[in-house]
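Q: I have a structure here, written as structure tokens, and I will follow up with some questions on it.
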Amino acid sequence: MAVSTPGRDEGATSLQARVFLLVAATFSTIYLTQPVLPVLREEFGIDAAKASLTVSAVIFGIALATLPFGRLADRFPARPIILSGGTLASLCGFLCAATTSFPLLVAARFLQGVFVPSLTTCLVVYLVRRLPPDRLNVAMGAYVSATVAGGLGGRLLAGFIHPPLHWRYAFVTASALLLLATIDAGRWLPREEKILDSGGKEAGFTALLSRHDLLRIFSVAAASFGAFSSVFNYLPFHLAGPPFLLSTHLITMLYLSYLVGVAIGPLAGRLGNRFGNGIAMVIGGALFGASVLLTLIPLLAAVAASLAGVCAGFFIVHTAAVGALNRKLATSRGRGNSLYVLFYYLGGTAGITVSGLAYRRAGWRGVVALVVALLLIPVAAGILEARADRPGRDGIEAR
């Protein structure tokens with residue numbers, strides 16, 4: 001067994017809690033600066049686009065490191081990779097708290113992103129490698145919930161729990177939590193793991209990228225997360241200015257809409273099972289687009305409602321895309337999913353960068369226009385996917 005506990009149920013609960021702790025602590029570091037971007041702009045004397053590099057640099061680091069760490073996890077035990085990566089990511093966070101140089105802050109954030117897959121990707125490989133199917137489902141349920149909770153927790157930590165002007169304390173707190181979670185993982189992860197070689201032939205990255213049906217799904221990952229990142233990255237600037245003039249605390253409270261992601265996952269899975277993943281992508285993309293247009297109404301209630309719709313639409317698209325991907329892959333699911341993650345985070349990086357230019361030229365309306373254009377991709381891909389599924393649809397795996 002992976003965890004020595006008095007009983008099976010107790011052991012499953014303990015593992016679930018520890019997986020949740022490690023993943024939530026990891027994801028809390030990714031969006032830590034998002035609610036305090038206006039504060040960083042003033043403190044370092046930079047524009048909104050440069051301040052947003054403290055988010056996009058992390059995402060870019062994750063994108064670059066996902067495939068290499070996936071290969072490492074296939075060849076070596078997960079424990080030393082997780083312990084090393086978690087420790088180094090924590091040290092980068094402490095450096096972010098201490099530096100007064102903006103370029104060094106961005107560089108440290110990039111390195112944090114590089115080490116994130118050492119925790120997330122390797123943890124998933126460990127769970128698949130060690131657990132029977134019934135316990136794996138429980139552990140992966142904790143993993144998915146922790147990604148949402150961690151993303152929200154990091155935002156609340158920087159913008160609400162700590163005073164925004166003292167954003168450095170948020171880095172200290174998040175880094176300390178990650179270090180503690182990493183040390184705890186070192187206690188329950190086994191020192192020895194048996195690495196099993198696969199006897200079957202699996203498609204490589206190049207072969208997967210040559211498949212048009214998979215490229216369609218990868219484009220959905222890039223476009224949808226690019227749109228989602230753009231909304232949440234530049235909305236604080238929109239709300240901090242006229243006519244809203246909101247404080248950082250009030251802006252941060254709007255991130256509670258992210259909790260929609262906790263509830264929408266199972267519902268999105270049922271939607272895909274009932275109508276097909278292609279139709280689910282169309283519905284999610286349309287809901288996302290209509291909701292972001294709602295932010296143009298200069299009323300706080302309209303913005304709050306729009307954010308709930310943005311989150312619901314995004315998680316419907318994301319769940320349907322992952323379900324469609326895994327339904328298409330009979331082998332090479334590890335490589336296929338790592339490519340999905342790569343496109344996902346590259347899309348987020350590109351979305352934040354390009355929307356920064358749009359914001360500089362046309363303000364929030366420019367960002368909204370870009371987001372709506374990006375959402376045409378998952379809607380179009382969903383239509384093509386629905387047509388491909390029409391002759392005879394199998395059971396759809398969604399997560």
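Q: How far is the Cα center of segment 344-363 from the Cα center of segment 205-262, in Å?
A: 10
Q: Using unit Cβ charges (K, R positive; D, E negative) and no other charged atoms, how large, in debye to the nearest 20, is the dipole of segment 12-191 about its Cα centre?
A: Numbers: 14 positive and 6 negative charges, 110 e Å.
Dipole about the Cα centre, nearest 20: 520 debye.
Q: Mind checking the dipole of segment 243-372: about its Cα centre, +1 per Lys or Arg Cβ, -1 per Asp or Glu Cβ, Debye to the nearest 20?
A: Details: 9 positive and 0 negative charges, 75 e Å.
Once rounded to the nearest 20, the dipole reads 360 debye.
Q: Taking the Cα centre of segment 12-191 as the origin and placing charges on Cβ (Lys, Arg +1; Asp, Glu -1), which of 63, 122, 107 is farthest toward the positive end of the dipole?
A: 122
Q: Subtract the Cα-Cα distance of residue 42 and residue 207 from 0.36 nm times their separation in residues, and report this length gain in nm to one decimal.
A: The span from residue 42 to residue 207 would gain 54.6 nm if fully extended.
Q: Another question, if that's okay. Quick check on packing: order 83-96, 242-255 by the mean number of other C-beta atoms within 10 Å, highest mean leading. Could the numbers behind the result be given before it?
A: On the way: 83-96: 21.0, 242-255: 16.1.
Output ranking for 83-96, 242-255: 83-96, 242-255.
Q: All other residues with a Cβ under 14 Å from the Cβ of residue 30 taken together, and with Lys, Arg as +1 and Asp, Glu as -1, what is their net charge? Intermediate results must be reported in sequence, preceding the final value.
A: Numbers: positive: 109, 155; negative: none.
Every neighbour counted, the sum reads +2.
Q: At 0.36 nm per residue, and after removing the present C-alpha to C-alpha distance, how many nm does the segment from residue 383 to residue 305 gain when stretched out fully?
A: That pair, residue 383 and residue 305, stretches by 25.4 nm at full extension.
Q: Starting from the Cα-Cα distance between residue 172 and residue 244, subtract it from 0.36 nm times their residue separation and give me the gain in nm to one decimal.
A: Details: separation 72, 0.36 × 72 = 25.92 nm, distance 3.09 nm.
Going from the current span to full extension adds 22.8 nm.
Q: So, one more: For the residue pair residue 296 and residue 373, what label-to-label distance in nm results when each label sits 7 Å from Cα along the Cα-to-beta-carbon direction?
A: 1.5
Q: Mind checking the log10 I(q)/I(0) for segment 16-74 at q = 0.16, 0.18 Å⁻¹? Debye, one equal scatterer per Cα, no solvent, two decimals.
A: Ignoring solvent entirely, the Cα scatterers give -0.66, -0.76.
Q: Still on this structure, please answer the following. Just to be sure I understand: if I project the alpha-carbon convex hull of segment 12-191 onto a plane and average over all orientations, what area do I get in nm²? Don't skip to the end; give the middle numbers.
A: Working: hull surface 37.7 nm².
The directionally averaged projection comes out at 9.4 nm².
All of the numbers you see were taken from the coordinates with simple rules; none came from a lab. Everything numeric in this text was worked out from a predicted model, so none of it was measured. Neighbour counts run over all protein chains shown; Cβ positions are idealised from the backbone, glycine included.
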